[in-house]
Amino acid sequence: MVAEDEGLRVFQSVKIKIGEAKNLPSYPGPSKMKDCYCTVNLDQEEVFRTKIVEKSLCPFYGEDFYCEIPRSFHHLSFYIFDRDVFRRDSIIGKVAIQKEDLQKYHNRDTWFQLQHVDADSEVQGKVHLELQLSEVITDTGVVCHKLATRIVECQGLPIMNGQCDPYATVMLAGPFRQEAKKMKVKRKTNNPQFDEVFYFEVTRPCSYSKKSHFDFEEEDVDKLEIRVDLWNASNLKFGDEFLGELKIPLKVLRQSSSYEAWYFLQPRDNGSKSLKPDDLGSLWLNVIYTEDHVFSSDCYSRLRDLLLKSADVEPVSASAAHILGEVCWEKQEAAVPLVRLFLHYGRVVPFISAIASADVKRTQDPNTIFRGNSLASKCIDETMKLAGMHYLHVTLKPAIEEICQSHKPCEIDPVKLKDRENLENNMENLWQYVDRVFRAITESGVSCPTVMCDIIIWLREVAAKRFQDDPDVRYTAVSSFIFLRFFAPAILSPSLFQLTPHYTDPQTSRTLTLISKTVQTFGSLSKSKSLLRTGEEGEHRGDSTKQDH
């Protein structure tokens, strides 16, 4: 969110589809393939990372990302990385789109050429600098000058790996001298207040006279400069990260003994040569950037009151909320603001009850109840996401962390088995993981939010009333949301639900896929062949978990 003026705010959001990359440069030698992933960055801050696609020069990602942007920004950038187990992951190339150009590519499938990236050229932010030259007399009576260099503050430094721990080095440099000093690290801020002063003794040429205290010789001035480098204090393994630099020649002090200004950080010129864009490959993207200009809440009071009455309108299809869902291109666009509004005013359960009742009446087959993308199903999804996120974390995160750390093989497809893997052992591992996750879900009822419980109770009752001849519908109507649309997606892609910081490795991702499919099967009250085999083995072991559940 970015404030424009009093009474008007701008809410920014971006929805991105990352398709695939093609024709990435290969390694020299017989092993040409790379393990690649893509990141999405607002300026220099990483906000999303795709899965790693192993051994490919044309990796397919097929991933969607949505976020609300809480601040101003200049560029939306995409970086393709090559994973390196032993060193820092290397950048293959990037796509950078200026904020002003985002509308050119709005909702268009576009191939972008990857551009060369020099880590030392990826800079942003500015520095508030003060210089003061003063005359001092030493103990021996010699007149000299001292240069006071004060870095007051910095603004808009990039955020690296979720945080910024900046510090600065200040150097007085000339043909025959280089004197450097280092500031203290400021933790967890990209707008650090340094306010430190460093003093440098500036040697005067022989032609110096009291009549012209600051009248330097031309050649002396041109050869002295202050250099300020900004760094992000990083871990010891890879070293600190360069954020930018600035160089100020001392000739700025010719007219006055003091000087103060804001400087934009500049890239470091290391003489590297850029590769041709065609040498780096290309990236397929679809970007939807939205700015919503919103007035104060008083301006929307009549619309708000009209929407809040929707639960009491008969028929509900004539209500303002239902009509809003019909005119929106995608139901999700209407569901998100509606659920937030009704949650805020404590009216979400009556509202969902009203629109879902109409949905159930139109459903002819009990097996398809709430399986479509109606306004009712989207609103229930959004309610569970908003009201149930903490519940989801409490229920699944310990199990997901255990699975990621123990890293047991669970592949049950004989074609995909790796060397030295045993199918029976893998099925045993998978069953243990499934049992761990399923027990966590079935024993979590006490933690389920009240709003979700009320919706679940109502779903069960309305489904049983509509399909009285089907004794299982009271369960399938609930499980279609709880298992298929709430727990299973979080198990499948835990990073999207903040259950893991980044995408899991390929083996763990495959394990989570199998667990998610199994949970979906349980949720749909059906049995697959693989589950039957696993269940039979569990019975031979005396495991009664399936019967208990």
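The values are calculated or read from the model by the stated rules, or taken from the named source; none is laboratory data. Being a predicted model, the structure only gives us computed values, none of them experimental. Cβ placement follows ideal geometry from the backbone for every residue including glycine, while neighbour counts extend to all protein chains displayed. For accessibility, only protein heavy atoms count, side chains too; no ligands or nucleic acids. Shrake-Rupley method; radii C 1.70, N 1.55, O 1.52, S 1.80 Å.
If you roll a 1.4 angstrom probe over the protein chains with everything in place, what fraction of the accessible area of the chain belongs to carbon and sulfur, to the nearest %?
51 percent
With every protein chain left in place, what is the accessible area of LYS181 in Å² (1.4 Å probe, nearest 10)?
60 Å²
Probe of 1.4 angstrom, ligands and nucleic acids ignored: what's the accessible area per residue over the chain, in square angstrom?
On a per-residue basis, the chain sits at 54 Å².
Of VAL95, LEU147, LEU230, which is farthest along the charge dipole of the chain in the positive direction, counting Lys and Arg as +1 and Asp and Glu as -1 at C-beta?
VAL95
Determine, for each peptide in 417-424, 388-395, the mean count of other beta carbons within 10 angstrom over its residues, then list the peptides with the highest first.
Ranking the peptides 417-424, 388-395 by packing returns 388-395, 417-424.
If amide hydrogens are placed 1.01 Å from N in the peptide plane, which non-local residues have theirs closer than 5 Å to the one on ILE69?
Those qualifying (amide H under 5 Å, at least 5 residues apart or on another chain) are GLN12, SER13, VAL14.
How much length would be gained if the chain were fully extended between LYS223 and SER72, taking 0.36 nm per residue of separation minus their Cα-Cα distance, in nm to one decimal?
50.5 nm
Whole Å is fine, so just give me how far the alpha carbon centre of region 369-433 lies from that of region 439-455.
When both Cα centres are located, 18 Å separates them.
Which distance in nm do the two modelled labels at HIS393 and LYS247 give, with both placed 7 Å along the Cα-to-Cβ direction?
Label-label distance for HIS393 and LYS247, simple model: 4.7 nm.
Could you derive backbone 3J(HN,Hα) for region 512-523 from the dihedral phi with the Karplus parameters 6.51, -1.76 and 1.60 (θ = phi - 60°), listing whole Hz in sequence and x where the residue is Gly or Pro?
Karplus-based 3J(HN,Hα) across region 512-523 equals 5, 4, 5, 5, 4, 5, 5, 4, 4, 5, 4, x Hz.
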